[in-house]
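J.: Pasting a structure here, questions to come.
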Amino acid sequence: MAARRRPRSARRRHRDVSGSTAVFPHRALPYVLLFPQLAVVVVFFIWPALRAFREAFIQSNAFGIGERFAGLQNFVSGVWVPSYAHSAEVTLLLATVTTAGSMALGLFLAVKVERVERGRSIYRTLFLWTYAIPGAVAGSLWLFLFEPGIGPGARLLDALGARWNFALNPTQAFLLVAAIGIWQQSAFCFLFFTAGLQGIPREFHEAGSMDGASRTRAFWSITMPLLSPITFYLLVMNVVYAVFGLFGIIDIVTQGGPGYSTTTLVYRLYVNAFQNANTTVAGAETIVLLVIVIGFTALQFRALRRRVHYR
Amino acid sequence: MTRAAGLPWIRHVLLILVAAAVALPLYLAVVVASRPAAALLDGVPFVPGNMLFANLGHVLREGLPDSPPVSRMLWNSLEMAMGISLGKILLSVPAAFAVVFFRVRGRMLAFWLIFVTLMLPVEVRFYPTYKVVAQLGLLNTLPGIVLPLIASATATFLFRQFFLTFPPELADAARVDGCGPLRYLVEVVLPLSKVNLAAIFVLEFIYGWNQYLWPLLTTTSPSESTVVMGMKEMISAAQSFSVPEWNLVMAVAIVALVPPVIVIVVMQRWFVKGLTGGIT
């Protein structure tokens, strides 16, 4: 059959190394199709990034008239200071707590739901919906719940002797922000762990139980290693969420306080740039965040490439 | 199998308890939103009252002091969310189509330019981007909110990944039949991409609706405020009363979270399928 001979050569012809099927011979059209996306990238991503670089190394006087090259001065005055280190510490701690909390809860629920026989899709909906809630709205719901003296959560904690007042107590404020983050982000983890569990062939579990492995043992030595690519992906995504995504919650619930105890790096940049109008350090802070996010992107890239998990 | 025989009930009880705990903040919001403000002074009751629709109607029609009616804010949110989600699709489908079905010189450059957007979430670039948007005179305009958010590496790569699963013979056949690339895109590729389009739409609609920081910076006129970015103002307005009107705040919170939650619940199945599957 002629048709049998064709596909092989056709594939070799069409799929070049970069994975293109390159069918249409037009020369200008692909650039026209790419143009809108690239134009937006250049105007609203590249140009601002270059501006930030410029500003990070420039010192302007009070009226923005005279400018001079400032070397690393903006970094020294804006980033190399104890308060910045403190914000970095808050960010790191918040990332650790929310990531650990949401991954543990998401995995626990995914495993339990996967083991029930009936009602799986209902449970899936019940554990997924908090992911879609806007952070600022989630913050509003919880703000009321834990409003000192008014919210039911606050009253309960008071009755238990906790002396709840997150507006004055840094630890309580920190825990409240972390709890809201976990409430939302565990849904995201649940979704991905569920997808991962469904991808594990049944035979693996059967082989495990034939060998007489207990449920716990089978989970840790069969299921978890097979989930490791997803676990790694979620680890990176959750840290990114904690570092960059908590802004809405923090702005609604604590405004970074009390006493900078919930001021993350992003929140600090917002305050410096838009409330204190301290533009000299804002450029430098933007560059630092940029470097951090480039690091995360590299990690994400590795997570996506690491498809093989058992060797 | 036999080992688990006695356990299912316990498992269901556990899962239902956790699901109830997860839903508790929303349930209490409904309870609060269904009562008069004064009813909350001695603690929150456990059952809803009968004022839910009265309170919802009040915030939708009149809003809180110094804020526009919430119906107006919902409309602004819808404009922004639709602008962002449709904009992302409108930009990323042609871009992915171009790199898959044509021979493009400078493909790597295009790839890196699009990839860069992953490294620059709006929480990182908001400060210099604000200056650019101000310089272009786009503050307080819909394009000013939407344009800086519609370049999408995620959508472009997902569409590219999906288009690569199309057998080359399909496009060959179309070409032989005299079908040009744009007709191929509209009449063959898009109809086959429905599930993926739906998945990306869900993802980006929620992303758009939930934006907080960016509209907060670029929108200064209250009538252009979205409902999510307006939460903070409305909370402080409600707290300025001698009896804080938390019932109204919770009513606003409910109408602000219902659209994205409905979208994800209704389109849940497509969502997961469209993000993972190839052409079938």
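The values are calculated or read from the model by the stated rules, or taken from the named source; none is laboratory data. The structure presented is a predicted model; accordingly, all values stated were derived computationally and were not measured. All Cβ positions, even for glycine, are placed from backbone atoms using ideal geometry, and neighbour counts span all protein chains on display.
J.: Which is more than 30 Å from B:Phe159 (Cβ to Cβ), within 11 Å of chain A (Cβ to nearest Cβ) and not acidic (Asp, Glu), of B:Leu52, B:Leu28? Talk me through it step by step, then tell me what you get.
T.: Details: B:Leu52 fails: within 11 Å of chain A (Cβ to nearest Cβ).
None of the others qualify; the one that does is B:Leu28.
J.: If a residue has to be more than 10 Å from every other protein chain (Cβ to nearest Cβ) and touching a Lys or Arg at 6+ places or on another chain (Cβ under 7 Å) to count, how many in segment B:148-189 make the cut?
T.: 0
J.: Restricted to segment B:103-147, and to residues that are surrounded by 15 or more Cβ atoms within 10 Å (Cβ to Cβ) and aromatic (Phe, Trp, Tyr), which residue is nearest to the other protein chains (Cβ to nearest Cβ)?
T.: This residue is B:Tyr127.
J.: Being closer than 25 Å to B:Leu40 by Cβ and in a loop (DSSP other than H, G, I, E, B) is the filter; apply it to segment A:107-148 and report the residue that is farthest from the chain's Cα centre (by Cα).
T.: The qualifying residue farthest from the chain's Cα centre (by Cα) is A:Pro148.
J.: Looking at segment B:22-57 only, could you name the residues that are part of a loop (DSSP other than H, G, I, E, B) and crowded, with 21+ Cβ neighbours inside 10 Å? Quick ask: steps written out before the conclusion?
T.: Narrowing segment B:22-57 to residues part of a loop (DSSP other than H, G, I, E, B): B:34-36, B:41-51.
Listed by number, the residues that qualify are B:Ser34, B:Arg35.
J.: Can I ask one more? Mind checking whether some residue in segment B:85-94 is more than 9 Å from chain A (Cβ to nearest Cβ) and in contact with a Leu (Cβ under 7 Å, 6 or more places away or on another chain)?
T.: Yes, because at least one residue in segment B:85-94 is more than 9 Å from chain A (Cβ to nearest Cβ) and in contact with a Leu (Cβ under 7 Å, 6 or more places away or on another chain).
J.: Okay, moving on. Is there a residue being touching a residue at least 40 places away in the same chain (Cβ under 8 Å) and either of a type in the set (Gly, Ala, Ser) or surrounded by 22 or more Cβ atoms within 10 Å (Cβ to Cβ) (or both) anywhere in segment A:143-161? Working first, answer last.
T.: First, pick out the residues of segment A:143-161 that are touching a residue at least 40 places away in the same chain (Cβ under 8 Å): A:143.
This time we only want the ones that are either of a type in the set (Gly, Ala, Ser) or surrounded by 22 or more Cβ atoms within 10 Å (Cβ to Cβ) (or both), so: A:143.
Yes: segment A:143-161 contains one or more residues that are touching a residue at least 40 places away in the same chain (Cβ under 8 Å) and either of a type in the set (Gly, Ala, Ser) or surrounded by 22 or more Cβ atoms within 10 Å (Cβ to Cβ) (or both).
J.: Consider B:Phe166 against the criteria (1) aromatic (Phe, Trp, Tyr); (2) under 16 Å from B:Val100 (Cβ atoms); (3) in a helix (DSSP H, G or I): it satisfies all of them except one. Which criterion is unmet?
T.: With respect to (1) aromatic (Phe, Trp, Tyr); (2) under 16 Å from B:Val100 (Cβ atoms); (3) in a helix (DSSP H, G or I), B:Phe166 is out only on (3).
J.: If you don't mind, there's one more thing I want to ask. Name the residue, out of A:Arg68, A:Arg120, A:Arg124, A:Arg54, that is in contact (Cβ under 8 Å) with a residue 24 or more places away in the chain, loosely packed, with under 15 Cβ neighbours inside 10 Å and not aromatic (Phe, Trp, Tyr).
T.: A:Arg54
J.: Would you point out the residue of segment B:253-272, among those that are among the aliphatic types (A, V, I, L, M) and facing chain A (nearest Cβ under 8 Å), that is surrounded by the fewest Cβ atoms within 10 Å (Cβ to Cβ)? Don't jump to the end; show me each part of the working.
T.: Here is the first cut: in segment B:253-272, the residues among the aliphatic types (A, V, I, L, M) are B:253-258, B:261-267, B:272.
Still in the list and also facing chain A (nearest Cβ under 8 Å): B:253, B:256-257, B:261, B:263-265, B:272.
Values: B:Ala253: 33, B:Ala256: 26, B:Leu257: 25, B:Val261: 21, B:Val263: 20, B:Ile264: 23, B:Val265: 15, B:Val272: 18.
Only one residue tops the list, namely B:Val265.
J.: Given the conditions (1) buried (at least 20 other Cβ atoms within 10 Å of the Cβ); (2) outside any helix (DSSP H, G or I), which single one is not true for A:Trp80?
T.: If we test A:Trp80 against (1) buried (at least 20 other Cβ atoms within 10 Å of the Cβ); (2) outside any helix (DSSP H, G or I), just (1) comes out false.
J.: In segment A:162-184, which residues are touching an Asp or Glu at 6+ places or on another chain (Cβ under 6 Å) and either within 24 Å of A:Tyr131 (Cα to Cα) or of a type in the set (Asp, Glu) (or both)?
T.: We begin by selecting, within segment A:162-184, every residue touching an Asp or Glu at 6+ places or on another chain (Cβ under 6 Å); these are A:164.
Residues satisfying the conditions do not exist here.
J.: Suppose we keep only residues that are assigned to a helix (DSSP H, G or I) and hydroxyl-bearing (Ser, Thr, Tyr) within segment B:58-81. Which one would you say is farthest from B:Ala37 (Cα to Cα)? Let's see the steps before the verdict.
T.: Taking segment B:58-81 first, the residues assigned to a helix (DSSP H, G or I) are B:58-61, B:70-81.
Next, only the ones that are hydroxyl-bearing (Ser, Thr, Tyr) stay: B:71, B:77.
On the way: B:Ser71: 21, B:Ser77: 27 Å.
Among those residues, the one meeting the criterion is B:Ser77.
J.: Residue check, B:Ser242 against (1) within 30 Å of B:Val32 (Cα to Cα); (2) within 13 Å of chain A (Cβ to nearest Cβ); (3) modelled with pLDDT under 90; (4) not in a helix (DSSP H, G or I), all met but one. Which one?
T.: Failed condition: (2).
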